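Novice: Mind looking over this structure? Questions follow.
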Amino acid sequence: LLGEEEARQWYHTFTSAVYFFPLIGALIADAFLGKYRTILLLSIVYCLGHFALALDETKMGLSIGLTLIAIGSGGIKPCVSAHVGDQFGKNNQHLIPKIFNIFYLSINFGAVISNLAIPFILKWYGPHWAFGTPGILMAIATLTFWMGRRKFVHIPPHGEAFGKELFSKEGLVAIGKLAPLFLFVAVFWCLFDQTANTLVFQAQKMNLQLFDFEFMPAALRELEVLPSQIQAANPFLILVLIPIFSWWIYPSAEKIIPLTPLRKIGTGLFLMVISFTVISLAQQAIDLGHTPSVWWQLLAYLIFTTAEI
């Protein structure tokens, strides 16, 4: 088992790799293989990573498994959403917002299930099944994706034209204009990704009984979550909040001020600051020897999920 500090190092190295490999995945897809083949190939790499983790509990197995998952997961990140968009043309492009809502909701529905189930599998059956189960499910998904190969629209790679467009004057100017925005967004996700790291360790020192209130029945007061299960709050809240924002908050706000993408991003950045203020207050209570309720974290999750949306 890894100590807390060593676990943090492994996690941040892995997360950094996951967010680096999209650059490689995008290059491979646009210049050489196309999006479909890139997704298929790197999904297999992703599966092999899970099986490496399931078979070998040593640091060597952890290193090989996480490296393969970082390559696979990171590499397909820039391709999957774009591949979905490739399936639409002029005649059905009006369906794109609807299909992307379904696509995003499906991802977060899966995230809720996995964040609740995997900690229990780890606790009851150990790391072999905890890492192997997602690998098996990913293998089934990859096989399903392969079976649909003749039904998808395939956009061919651009070859040398990709490099010429990227390094043209127009391409470099576009990148230069986007770079400052990416810097702010990078800080946002650096904070957000503490959910699978710092916040899990903080939750271990909190009261994890969800309904520990005097007026609650005894059976409900005994209900307790595992520290790593609290991460399920984010995808669950996304499922709840997206309809609320789409059908009520955004239309209401538009009556007062136009909601440009930059204004939404700016609001999200400020909300992230507020959420980590809540987390800091909870940590201050822990440092003073108290055991604050996990509801402090759930409040923070509500705020920074709103920021994400």
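The values are calculated or read from the model by the stated rules, or taken from the named source; none is laboratory data. All values derive from a computational prediction rather than experimental measurement. Glycine gets a Cβ as well: all are built from the backbone with ideal geometry, and neighbour counts include every protein chain shown. Each accessible area value is taken on the protein alone, full model and side chains, heavy atoms only, with ligands, DNA and RNA left out. Shrake-Rupley method; radii C 1.70, N 1.55, O 1.52, S 1.80 Å.
Novice: Using helices alone, I'd like the mean residue ellipticity at 222 nm for the chain: each DSSP H run of four-plus residues gives -39500 (n - 2.57), total over residue count, nearest 500.
Specialist: Counting only the DSSP helices, I get -24500 deg cm²/dmol.
Novice: Filter 169/255; 35/169; 177/255; 77/98 down to the pairs with a C-alpha to C-alpha distance above 28 Å, please. Display every interim value, and only then the final one.
Specialist: On the way: 169/255 39 Å; 35/169 25 Å; 177/255 30 Å; 77/98 20 Å.
In this structure, 169/255; 177/255 exceed 28 Å between Cα atoms.
Novice: Now a separate question. Write down Rg/Rh for the chain, rounded to two decimals, with Rg from the C-alpha atoms and Rh from the Kirkwood relation over Cα pairs.
Specialist: Reported Rg/Rh, Kirkwood definition of Rh: 0.98.
Novice: Given a 10 angstrom Cα cut-off, can you work out which residue in 200, 84, 294 is the most mobile in a GNM of the chain?
Specialist: Ranking 200, 84, 294 by mean-square fluctuation puts 84 first.
Novice: Further, regarding this structure: Please compute the modelled spin-label separation between residue 183 and residue 286, points set 7 Å along Cα→Cβ, answer in nm with one decimal.
Specialist: About 3.2 nm separates the two model spin labels.
Novice: Next up: Kindly write out, for region 3-8 in residue order, the coupling ³J(HN,Hα) from the Karplus curve 6.51 cos²θ - 1.76 cosθ + 1.60 (θ = phi - 60°), rounded to whole Hz, with x marking Gly and Pro.
Specialist: Computed from phi, the couplings for region 3-8 are x, 4, 5, 5, 4, 4 Hz.
Novice: Provide Rg over Rh for region 57-207; use the alpha carbon set for both Rg and the Kirkwood Rh (inverse mean inverse pair distance).
Specialist: With Rh from the inverse mean 1/r over Cα pairs, Rg/Rh is 1.02.
Novice: Still on this structure, please answer the following. Please tell me the relative contact order of region 19-66 in percent, rounded to the nearest whole number, where contacts are Cα pairs under 8 Å and at least six residues apart.
Specialist: 23
Novice: Here is a follow-up. On each of the three principal axes of the Cα atoms of region 189-263, give max minus min coordinate, whole Å, ordered largest first.
Specialist: 48, 33, 17
Novice: Report, in degrees rounded to the nearest 10, the 0 to 90 angle that the Cα long axis of helix 295-308 makes with the longest principal axis of the chain.
Specialist: Roughly 20 degrees between the two axes.
Novice: Another question, then. Quick check of the Kirkwood formula: for region 163-216, what is the inverse mean of 1/r over all pairs of different Cα atoms, in Å?
Specialist: About 15.2 Å, per the Kirkwood formula over Cα pairs.
Novice: Give me the percent of accessible area attributable to carbon and sulfur for region 127-216, probe 1.4 angstrom.
Specialist: Solvent-exposed carbon and sulfur of region 127-216 make up 73 percent of the total.
Novice: Same structure again: Please list, in chain and number order, the residues 5+ apart from residue 152 or on another chain whose amide H is under 5 Å from its amide H, with Hs placed from the backbone.
Specialist: Residues meeting the criterion, in which the H sits 1.01 Å from N, do not exist here.
Novice: Convert each backbone phi in region 206-212 into a coupling constant with the Karplus relation 6.51 cos²θ - 1.76 cosθ + 1.60 (shift: θ = phi - 60°), then list the ³J(HN,Hα) values in order as whole Hz, x for Gly and Pro.
Specialist: Values, residue by residue: 10, 6, 8, 7, 5, 10, 7 Hz.
Novice: Counting pairwise Cα distances across region 206-309, what percent come out greater than 24 angstrom?
Specialist: Value for region 206-309 (Cα pairs over 24 Å): 37 percent.
Novice: Further question: Can you work out ³J(HN,Hα) from phi for every residue in region 113-126, in order, using Karplus 6.51 cos²θ - 1.76 cosθ + 1.60 and θ = phi - 60°, giving whole Hz and x for Gly and Pro?
Specialist: 4, 5, 5, 7, 7, 4, x, 5, 4, 4, 5, 8, 10, x
Novice: Using a probe radius of 1.4 Å on heavy atoms only, what accessible surface per residue do you get for region 240-309? Whole Å² is fine.
Specialist: Values: 4250 Å² over 70 residues.
That works out to 61 Å² for each residue.
Novice: Let me ask something additional. Would you work out the Kirkwood radius for region 89-172? I mean one over the mean of 1/r across all pairs of different Cα atoms, in Å.
Specialist: Its Kirkwood hydrodynamic radius stands at 17.0 Å.
Novice: Turning to a different aspect of this structure: What does the accessible area per residue of region 59-178 come to in Å², with a 1.4 Å probe and no ligands, DNA or RNA counted? Write out the running numbers ahead of the final one.
Specialist: Values: 8000 Å² over 120 residues.
Spelled out: the 1.4 Å probe surface of region 59-178, per residue, equals 67 Å².
Novice: Search the structure for amide H atoms under 5 Å from the amide H of residue 207, placed 1.01 Å from N in the peptide plane, and list their residues when 5 or more places away or on another chain.
Specialist: Long-range HN contacts for residue 207: 293, 294.
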